[in-house]
Amino acid sequence: MINAMTALNMTEEAIKFKENIWAVIEKKIVSATKHCSRFCEYDVYPDSPVNVETIISKLKDLGFEVSVDVCEESELEFEADSCTVLTIRW
């Protein structure tokens, strides 16, 4: 059983990680734009604190086109159940 302080720390870390997801996506978009690209890819794993639907919805609300490709465990080079690859276009 965990104590209240441990639970608080875990929650704060999850919130930071959730906020960092948007920062990572923004950096990928900015970097791709600087390299004259009109798209970038972002991988979402099953343990992501933000689900795929939420990410897609927010990106579409911001005016991006998003296509989805799901890679199963056998297609990945490392151990994960699956990976959802979002192709973000602008």
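The table below gives the values:
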| read-out | value |
| --- | --- |
| Local electrostatic count, Tyr42, Cβ distance below 11 Å [Lys/Arg +1, Asp/Glu -1] | -1 |
| Proximal charge balance of Val66 [Cβ under 12 Å; K/R count +1, D/E count -1] | -2 |
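Readers should treat all values here as calculations from the given coordinates under stated rules, not as data from a laboratory. Computed from a predicted model, the values in this text were never measured in an experiment. Note: ideal-geometry Cβ built from the backbone for every residue, glycine included; neighbour counts use all protein chains shown.
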